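First comes the structure, then the notes that go with it.
The values are calculated or read from the model by the stated rules, or taken from the named source; none is laboratory data. Model, not experiment: these values are computed from the prediction. Methodologically, a virtual Cβ is constructed for each residue, glycine included, from the backbone with ideal geometry; neighbour enumeration extends over all protein chains shown. Note: areas computed on protein heavy atoms with side chains; ligands, DNA, RNA excluded. Shrake-Rupley method; radii C 1.70, N 1.55, O 1.52, S 1.80 Å.
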Amino acid sequence: RTICSNAFQECTSLESVSVLAPVVAGGAAGTSLLTELPNYAFYGCEALSKVELPQGIERIGRSAFYGCISLMSMAIPDSVKKIDDFAYYGSALVTLRFSDNAQLETIGRKAFQGCLIFGMAGEVKFPNALKTVGEYAFYKCESLQLINLGSGLETIEKYAFYGCNAMEEIKFAENSELVSIGNYAFSDCVALNGVTLPD
């Protein structure tokens, strides 16, 4: 039910983590009793390359996978509502995928900063539930080429996509609820040819 903060910090030989959900009658896995990965849970686990999380986890804590330089891919459960500040800062993530049913509402400050390669063929499609992309969230993700922003997005904070110098296109949903774009949010996106803002 609970993992405490810093529990596996700098376990530099740890390679794989699987969080199991309880098995219900009939043999199918249910919803996890663990609802969050706490702050700094796997901070500095340099060999960690495989992470499996079940449905039911709602928050990935501050710096949870900070500096996990071998972590190239992991599936984020649809149940996750918040990815906290610095959660994947400096990790080696290559892919970031969300399903149409993802409940993610907030991506925190510097959550993915320093992850140089992103998306499937350079694209990240954000879920419609997402409301806020935090400051510096994708700062200098230099291989990100296309972002597809969901209809529920309200705020893109300052420097959110600063220095994404391969980004060629930004897609806003036709029924977008976007209210504000912060200072320098797309500054130094030198490959960006044009943007059509929603009404």
Based on the Cβ-Cβ distance of residue 31 and residue 70, what FRET efficiency does E = 1/(1 + (r/R0)^6) give at R0 = 41 Å, to the nearest 0.05?
-> 0.90
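Grab the beta carbon distance between residue 97 and residue 183, set R0 = 22 Å, and tell me the FRET efficiency rounded to 0.05.
0.15
Any idea of the accessible area per residue across the chain, 1.4 Å probe, to the nearest Å²? Before the final figure, lay out the partial values.
Values: 9670 Å² over 199 residues.
It amounts to 49 Å² per residue over the chain.
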Residue order for 84, 188, 199 - accessible surface, 1.4 angstrom probe, largest first | 199, 188, 84
R0 of 30 Å, Cβ-Cβ distance residue 15-residue 154: FRET efficiency to nearest 0.05 | 0.15
What lysines sit close enough to residue 50 to cross-link, taking a C-alpha to C-alpha distance under 30 Å and skipping anything fewer than 8 places away on the same chain?
-> 81, 82, 110, 125, 131, 140
Between the modelled labels at residue 2 and residue 191 (7 Å from Cα along Cα→Cβ) the distance in nm is 4.7
Charge dipole of segment 1-100 built from unit charges on the beta carbon (Lys, Arg +1; Asp, Glu -1), centred at mean Cα; most positive-end Cα among 28, 96, 47 is 28
Over segment 62-146, the quotient of the Cα radius of gyration and 2.2 N^0.38 Å is 0.96
Solvent-accessible area of residue 126 with every protein chain in place, 1.4 Å probe, in Å² to the nearest 10 = 10
By how many nm would the segment from residue 50 to residue 174 lengthen if fully extended, with 0.36 nm per residue of separation less the alpha-carbon distance?
-> 41.0 nm
Quick one: net charge of residue 67's neighbours, Cβ under 12 Å, K/R +1, D/E -1?
-> -2
Gap separating the Cα centres of segment 32-107 and segment 131-176, nearest whole Å | 19
Rounded percent of accessible protein surface that carbon and sulfur make up, the chain, 1.4 Å probe | 45
The answer for the per residue Cα convex hull volume of the chain, in Å³, is 107
Under 20 Å from the Cα of residue 158, which aspartates and glutamates turn up, not counting those fewer than eight places away in the same chain?
-> 84, 85, 105, 135, 142, 168, 169, 177, 188
For segment 1-103, what class follows from the C-alpha gyration tensor (a ≥ b ≥ c being the square roots of its eigenvalues): rounded when a/c is under 1.5, otherwise prolate if a/b is larger than b/c, else oblate?
-> prolate
GNM flexibility winner over the chain from 45, 11, 141 (Cα, springs under 10 Å) | 11
If every Lys and Arg gets +1 and every Asp and Glu gets -1 at its Cβ, then about the Cα centre the chain yields a dipole, in debye to the nearest 20, of 360
Take every Cα pair under 8 Å in segment 13-60 that's 6+ residues apart, average their separations, divide by the length, and report that relative contact order as a whole percent.
-> 51
